Amino acid sequence: DNVVVLTGDIHSSWASDLPVDAAAYDPEGDAPAAAVEFVAPAISAFALPFLTDAVVRLLSNNNRHIKFFELTKRGFVRVDVTPERVHGDWYLYPDIEPETVPPPEHGAAFEVAAGAGRLVPVDFEAKPR
């Protein structure tokens, strides 16, 4: 119950439900996944800009448990944990040059409510504490 996986080091951003059986996963259903996963991108290492649109379509069409992915931008995830939910905000940089680092863009936000076992997109950032 309430398993949240926080990972990274793959140079890209992801938000996923982690079902026991990905082939049987129903993205519109309400059965909980075994866990949810927040994947943080790299901030100093290069992202994966060489991936083609075909690869992106393949990922989207064949992995219904993946709710969000961004493969080309660097950044970080800020995770906010309360007894009621876990909230993740992805902050992304279109480019990072040592001379001029722009403020990050808010790329996505997802939450999982306690006991729900599924990520849902939200349209707000967690308030800093």
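Some notes on this structure:
- Loop-located chymotrypsin sites (Phe, Trp or Tyr not before Pro) across the range 68-129 with a Cβ neighbour count of 11 or fewer within 10 Å are F124, with loop assigned by DSSP.
- Separation between Cα centres of the range 1-46 and the range 94-129, rounded to whole Å: 14 Å
- Estimated FRET transfer efficiency when R0 is 35 angstrom, pair A24-F124 (beta carbons, to 0.05): 0.65
- With a Förster radius of 25 Å applied to the beta-carbon distance between E99 and L48, the computed FRET efficiency rounds to 0.60.
- The range 4-121: C-alpha gyration tensor shape, a/c 1.5 cut-off, then a/b vs b/c: oblate
All of the numbers you see were taken from the coordinates with simple rules; none came from a lab. Computed from a predicted structure; not experimentally measured. Cβ: placed from backbone, ideal geometry, glycine included. Neighbour counts: every protein chain shown.
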